[in-house]
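Each remark here refers to the structure printed beneath this line.
The values are calculated or read from the model by the stated rules, or taken from the named source; none is laboratory data. In this text the structure is predicted, and so the values were computed from the model without any measurement. Quick reminder, even Gly has a Cβ in these numbers, built from the backbone with ideal geometry, and neighbours come from all protein chains shown.
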Amino acid sequence: MNYSKIALRYSKALLLLSKEKGLLDVIKDDMLLIQKVYKETEDFRRLLESKIIQTSQKQKILASIFRGKVNDLTISFINLVAKNNREIFISDITRNFIDLYRKEKGIKAVTLTTAINIDDKIKNDIISIIKQIYNAKVDLTSITNKDIIGGFVLQVDDKQLDASVSNKLKEINREFINTTFEYKILG
């Protein structure tokens, strides 16, 4: 079975159930928390991937980790995922749920990568421009990556504008190599 289909199926089911119960925003926050724990805690990832720990033990551990921090619906959902031996898909499920949530709410996922930290005014200006272009709400994630040297890389959903210095240098290098190659052949 295609693993992405498994995660998508669970994500859709949770989205529909949370909408039905009027808990969509609450469950989205829960999914963000679970995603954060997954990304930041290696022991959590090992727990999910373990073939040695029994499902019932995983269910107890997962419930103890998240009880009081997430909605009861989320606890029940995590239990179901573990019961069906799908806990290794938790990261994909949370990511898919958040993507589906954004589509449901008309929110554009935007990632801005810069070489240095930028101030809130610039972030707000970018949000404003994207809101106008797409007529949508914006969820901006700002990333600092010194490897781009300068400029920025802006990604809106699956579209990317790379105006970084490192990209321009790569383009110049490719052009130089092509010109040198053509010169040797023609010259």
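Assorted remarks:
- Residue in segment 45-66 that is basic (Lys, Arg) and closer than 25 Å to ILE107 by Cβ present: no
Let's see how each residue does on (1) among the polar types (S, T, N, Q); (2) touching a residue at least 60 places away in the same chain (Cβ under 8 Å); (3) out of contact with any His (no Cβ under 9 Å at 6 or more places or on another chain); (4) over 15 Å from ASP99 (Cα atoms):
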position: TYR10; (1), (2), (3), (4): no, yes, yes, no
position: LEU23; (1), (2), (3), (4): no, no, yes, yes
position: ASP30; (1), (2), (3), (4): no, no, yes, no
position: ASP43; (1), (2), (3), (4): no, no, yes, yes
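- Scanning segment 68-81 for residues that are of a type in the set (Ser, Thr, Tyr) and buried (at least 16 other Cβ atoms within 10 Å of the Cβ) yields one hit, THR74.
- For segment 82-127, the candidate set comprises residues that are in contact (Cβ under 8 Å) with a residue 12 or more places away in the chain and more than 20 Å from the chain's Cα centre (by Cα); within that set, the residue that is surrounded by the most Cβ atoms within 10 Å (Cβ to Cβ) is ALA82.
- Spans of helices (runs of 4 or more DSSP H) in segment 12-79 with at least 2 residues at pLDDT 95 or above and under 17 Å from the mean Cα position of the chain (by Cα): 24-40
- Inter-residue pairs, beta-carbon under 6 Å, first touching a residue at least 24 places away in the same chain (Cβ under 8 Å) and in segment 162-173, second part of a strand (DSSP E or B), 6+ apart: SER164/GLY151; SER164/VAL153; VAL165/GLY151
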